[in-house]
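Derivation of every value follows stated rules applied to the coordinates shown; laboratory data play no part. Please read these numbers as outputs of a predicted model, since none were measured by experiment. Heads up, the Cβs are rebuilt from the backbone with ideal geometry, glycines too, and the neighbour counts pull from every protein chain shown.
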Amino acid sequence: MRMQAIFEIGAVSAKQFPDPDYPEVVFVGRSNVGKSSLLNNLVGAKKLARVSTTPGKTREINFFLVDEQLRFVDLPGYGYAKTSHENRRSWGRLITTYFEIGRPLALIVLLIDSRLPLQQSDAGVLRWFIEAGFPLQVVLTKIDKLKQGERVRQERILGTALEELGYRNRILLFSSVRNIGRKELLHRIYTAAGSG
């Protein structure tokens with residue numbers, strides 16, 4: 001299923017945010033977690049979101065109108081992006097502003113690299129979202145890079161770590177390379193947005 005997705009704006013300040021007239025699904029994760037590849041896979045387009053080998057390429061909040069019924073919101077990656085401390089602080093302020101000004105948030109999709117132990121940055125973001133009461137879906141990315149036994153083990157290890165932090169929802173597995181998990185994630189998104 002190919003979706004009609006239109007890039008609206010890469011906002012560097014809250015004044016540039018689009019009018020809050022559609023439910024918004026926010027995608028967030030560490031730099032290099034595969035966020036752009038996942039977004040492109042979901043909408044069935046190769047170049048909607050920019051894919052880069054350089055972590056931290058996204059430096060603004062990108063808004064995409066999807067099927068004229070909801071928005072995908074692509075937040076800058078956190079973690080080890082190679083940028084100045086001032087840029088990191090300004091990105092943090094912009095992201096915090098997004099969550100504090102009452103946008104029509106339907107769901108946060110938190111992407112976590114399936115190959116790694118739970119990182120401190122992921123745990124901190126997850127804890128913040130849970131404490132704030134935001135609707136949250138965790139997705140483990142890059143599962144095509146794991147053998148079946150490793151996949152089962154990592155899903156169990158990460159599931160336990162997430163549960164200890166208070167995450168109680170189902171964890172979804174995703175591979176943009178092998179098209180695994182797309183149907184399940186889209187169902188979750190459209191259900192949360194009231195369109196499923």
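By how many nm would the segment from A14 to I157 lengthen if fully extended, with 0.36 nm per residue of separation less the alpha-carbon distance? All intermediate terms of the calculation are to be shown ahead of the outcome.
Details: separation 143, 0.36 × 143 = 51.48 nm, distance 3.78 nm.
My answer for the length gained is 47.7 nm.
Using r as the Cβ-Cβ distance of R93 and D21, and R0 as 22 Å, what FRET efficiency do you calculate, to the nearest 0.05? Present the calculation step by step, with values, prior to reporting the outcome.
Numbers: r = 24 Å, r/R0 = 1.11.
E between R93 and D21, to the nearest 0.05, is 0.35.
Given only helices, namely DSSP H runs of n ≥ 4 each adding -39500 (n - 2.57), what is the per-residue ellipticity at 222 nm of the chain, to the nearest 500 deg cm²/dmol? Please report the intermediate quantities before stating the final value.
Details: 5 runs with 66 residues, N = 196.
Here the helix-only value at 222 nm equals -10500 deg cm²/dmol.
Give the calculated FRET efficiency between K147 and R170 to the nearest 0.05, with a Förster radius of 22 Å applied to their Cβ-Cβ distance. Display every interim value, and only then the final one.
Details: r = 23 Å, r/R0 = 1.02.
Efficiency at R0 = 22 Å is approximately 0.45.
How would E155, E164 line up from fewest to most surrounding beta-carbon atoms within 10 angstrom? Please list the in-between numbers first.
Values: E155 16, E164 10.
Listed from fewest to most nearby Cβ atoms, that is E164, E155.
What nm distance separates the two modelled labels at F7 and W128, each placed 7 Å from Cα along Cα→Cβ?
Going by the 7 Å Cα→Cβ label model, 2.6 nm.
On a straight-distance basis, which aspartates and glutamates could pair with K183 in a cross-link, Cα separation under 18 angstrom, same-chain partners fewer than 8 positions away excluded?
Hits, sequence-local ones excluded: D67, D144.
With helices defined as uninterrupted DSSP H runs, which ones in the chain have an alpha carbon span along their own long axis of at least 30 Å and mean Kyte-Doolittle hydropathy of at least -0.5? The partial results should precede the final answer.
On the way: long enough: none.
None pass (Cα extent of 30 Å or more, hydropathy at least -0.5).
I need I6, I61 ordered by Cβ neighbour count within 10 Å, fewest first.
I6, I61
Using alpha carbon centroids, what distance separates region 149-191 and region 11-26, in Å?
27
Just from the alpha-carbon atoms, what are the Rg and Dmax of the chain in angstroms?
Both quantities, over Cα of the chain: 15.7, 48 Å.
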